[in-house]
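The values are calculated or read from the model by the stated rules, or taken from the named source; none is laboratory data. Quick caveat: nothing in here was measured; it's all calculated off a predicted structure. Ideal geometry is used to build each Cβ from the backbone, glycine not excepted, and the neighbour counts take in all protein chains shown.
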Amino acid sequence: MCTLGACSHSGLSGTWLLRAPHQDGTFRESFLQLSQQGNKLTGSVTYNYRKAEISDGTVEGNKFHFVVGNARRQRTFEGSLEGDHLTVHESSANGRNSGSGEATRSTEEAMAPPKPQPLPALHDVPDNGLARTPPMGWNSWNHFHTAIDDKTVREMADAMVTSGMKDAGYIYINIDDAWELEHDAGGNIVPNKKFPDMKALADYVHSKGLKIGIYSSPGPKTCGGYEGSFGHEKADAEMYAKWGIDYLKYDWCSAGAIYKDADMRPVYQVMGDALKATGRPIVFSLCQYGREDVWTWGAKVGGNSWRTTGDISDNWKSMSTIGFKQLSIAPYAKVGHWNDPDMLEIGNGGMSDEEYRTHMTLWSMLRSPLLAGNDVRSMSDATKAILMNKEVIAIDQDSLGAPAQLAKTEGDVEIWIRPLQGSATGLAFFNKGDQPAQAKLSWSEVKLKKPKKARDLWSHKDVKLSSDGYSAKVPAHGTVLLKVQ
């Protein structure tokens, strides 16, 4: 095995550290383990302690080309050997991680993740008294990914007010990944140059009558390769409180290279304790993709919500697959502690308005956090009507907090029922099929007496009920949502 500086004339074979600069003063770091045999190049790329094998690797003279990942997350590397370093251009299928950098020789030891921190004895973190109904707000990731900065966050806060989103109940402005730079010599987390003054930004958001959220990971690196909270949990929580942060999304990411999945509860408990110790009310949002049946222990680590699934994508297949799989765990959610099937894609353009109405109805019937993920500054009227339908939002925010249940399946249609406060009931007709469908629910099937009145929450009209039930024509991939009393 080559050591630093000892293989400058051995071609591409060896371990290389690739540092590709971001515009925010940070670097995307990857380790390239390359093996050259003539014109063939094999090996792997390790990013955030996750290894991906190289395919289609070729060498021609001092130039090289190779691919890692599958079709959905494929990344292409090409470049050249220049003396004792590589110049490398990296591009991805989704265009998010394109850029150029320089790779220098490194060692396998440098690739290794740090050793685990000692895990605490398990105990129940006291309830923080927050999120008595599912949190509502906005998050930067779905639309902006890592291209988020102070200016954009301020503009989103402005737009949340002027658009009517705040009045509809959307309160949190949550900065996702890519705000971090490093921990300084004193162990304090420092934002990168896109966020010159986090306290001033929090003050600005608060001046709009809104609250502000932030993002980190229990690992050394976040999903985007930025600085995580590993070994700095207490100091980070104290800094969030000092800045005036109101919400933390805590994403497993690189922690998986250090800890076992079975360690998730104590690892998340560390941050739950740290947040509680600050004395500041900070909503704690767990993001570990529903592993280890998090709904059975999320509240015990101080979690106000916990992700129940992998990342959502802005398409019908992703959204509907996630949404229709949530009913079995719905009873685990309770006041102050919610199942989270991920953020809303409404308005990002990958689905029809009909499908976005289904998205909003599913999340509301499930009592999920409603975190918009679109560009609030430029919403269409249709997007506004979906996100700010106060009658539908009221279903999500209903104070009874009772879970939805499957009442009936009829062909491609699922009918859900959910008890609401004031002896009311939510009835949702979902058409999962590609053609319009007629569906009927009899009151006897859900053990209801004939309701006295009913309201269609998408058409905003009262509807007539028959003595034995209700029949609805449901659009393809669409929904009908009733509140009956």
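Listed here are the residues, each with its yes/no results for (1) assigned to a helix (DSSP H, G or I); (2) buried (at least 24 other Cβ atoms within 10 Å of the Cβ).
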| position | (1), (2) |
| --- | --- |
| Ser318 | yes, no |
| Leu344 | no, yes |
| Glu355 | yes, no |
| Ser364 | yes, yes |
| Leu371 | no, yes |
| Asp398 | no, no |
| Gly422 | no, no |
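Might you check whether a residue that is at pLDDT below 95 and in a loop (DSSP other than H, G, I, E, B) occurs anywhere in region 224-231? There is at least one residue in region 224-231 that is at pLDDT below 95 and in a loop (DSSP other than H, G, I, E, B). Criterion applied to Val59, Val45 was being assigned by TED's automatic domain parsing to the domain that holds His89, within 29 Å of Pro220 (Cβ to Cβ) and among the aliphatic types (A, V, I, L, M), and the one residue passing it is Val45.
Could you tell me whether any residue of region 289-300 is touching a Pro at 6+ places or on another chain (Cβ under 6 Å) and in a loop (DSSP other than H, G, I, E, B)? Taking every residue of region 289-300 in turn, none turns out to be touching a Pro at 6+ places or on another chain (Cβ under 6 Å) and in a loop (DSSP other than H, G, I, E, B). The set of residues in region 126-150 being surrounded by fewer than 19 Cβ atoms within 10 Å (Cβ to Cβ) and in contact with a strand residue (DSSP E or B) (Cβ under 6 Å, 6 or more places away or on another chain) consists of Leu130 alone. If we scan region 264-272, do we find a residue that is in a loop (DSSP other than H, G, I, E, B) and closer than 27 Å to Trp243 by Cα? There is no residue in region 264-272 that is in a loop (DSSP other than H, G, I, E, B) and closer than 27 Å to Trp243 by Cα. Out of region 373-385, which residues are out of contact with any Ser or Thr (no Cβ under 7 Å at 6 or more places or on another chain) and either surrounded by 22 or more Cβ atoms within 10 Å (Cβ to Cβ) or not β-branched (Val, Ile, Thr) (or both)? Within region 373-385, Gly373, Asp375, Arg377, Ser378, Ser380, Asp381, Ala382, Ala385 qualify. Count of region 308-338 residues, restricted to those that are under 15 Å from Lys249 (Cβ atoms) and in contact (Cβ under 8 Å) with a residue 40 or more places away in the chain, is 2.
Rundown of residues vs (1) in contact (Cβ under 8 Å) with a residue 12 or more places away in the chain; (2) outside the structural domain of Asp203 (by TED's automatic domain parsing); (3) of a type in the set (Phe, Trp, Tyr), yes/no style:
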| site | (1), (2), (3) |
| --- | --- |
| Cys223 | yes, no, no |
| Trp243 | yes, no, yes |
| Asp251 | yes, no, no |
| Asp263 | yes, no, no |
| Ala274 | yes, no, no |
| Ala277 | yes, no, no |
| Asp293 | no, no, no |
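Filtering region 330-353 to residues that are of a type outside the set (A, V, I, L, M, F, W, C) and under 29 Å from Thr152 (Cα atoms) leaves Asn339, Asp340, Pro341, Asp342, Glu345, Gly347, Asn348, Gly349, Gly350, Ser352, Asp353.
What tally of residues in region 55-72 results from selecting those that are under 36 Å from the mean Cα position of the chain (by Cα), of a type in the set (D, E, K, R) and assigned to a strand (DSSP E or B)?
Here the count works out to 1.
So how many residues does region 66-79 have that are over 24 Å from Ala112 (Cβ atoms) and surrounded by 15 or more Cβ atoms within 10 Å (Cβ to Cβ)? Selection size over region 66-79: 5.
Considering only residues in region 400-420 that are among the aliphatic types (A, V, I, L, M) and not in a strand (DSSP E or B), the one that is modelled with the highest pLDDT turns out to be Ala404. When Asp150, Asp177, Asp197, Asp184 are screened for being within 18 Å of Trp243 (Cβ to Cβ), touching a His at 6+ places or on another chain (Cβ under 9 Å) and among the acidic types (Asp, Glu), only Asp177 passes.
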